[in-house]
Amino acid sequence: FLEFTPHTGRTHQIRVHCAEALGCPVLGDPVYGRPGPLLHLMSRRIQIPYWAERPPITVTAPVPEHMRVLLTDCGCWE
């Protein structure tokens, strides 16, 4: 269970770094790891800068059910 804070929007950036730099691909990643029924990668919160006069736009999302079940089974979620 990892948290990343990317500063650019490069395609596959997190997936490549997990697989190549950390040696631990994202679970279910068909390109950089072993394919599975579902890719276990999500963003819980995205913050998009607007402009100086306004605060950034922040969007949040709940953990998808398939990920919550897996994390619960692994003891990472209560």
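Where a number appears in this text, it was derived from the coordinates with a stated rule and is not lab data. From a predicted model like this one, the values you see are computed outputs, not experimental measurements. Glycine also receives a Cβ, built like all others from the backbone with ideal geometry; neighbour counts cover every protein chain displayed.
Separation between the CYS24 and ILE48 pseudo-spin-labels, each 7 Å from Cα along Cα→Cβ, expressed in nm?
Those two pseudo-labels are separated by 3.1 nm.
Rounded to the nearest 20 Debye, what is the dipole magnitude of the chain about its Cα centre when Lys and Arg each give +1 and Asp and Glu each give -1 at the C-beta?
Using only the charged Cβ atoms, the result is roughly 200 debye.
Please give the calculated 222 nm ellipticity per residue for the chain, where each DSSP H segment of at least 4 residues contributes -39500 (n - 2.57) and the sum is spread over every residue; nearest 500 deg cm²/dmol? Walk me through the numbers before you get to the answer.
Details: 2 runs with 13 residues, N = 78.
My calculation for the chain gives -4000 deg cm²/dmol from helical runs alone.
For the pair VAL69 and LEU41, how long in nm is the line joining their label points, each one 7 Å along Cα→Cβ?
2.2 nm
Quote the relative contact order of the chain in percent (integer), defining contacts as alpha-carbon pairs under 8 Å separated by 6+ residues.
Relative contact order for the chain comes out at 15 percent.
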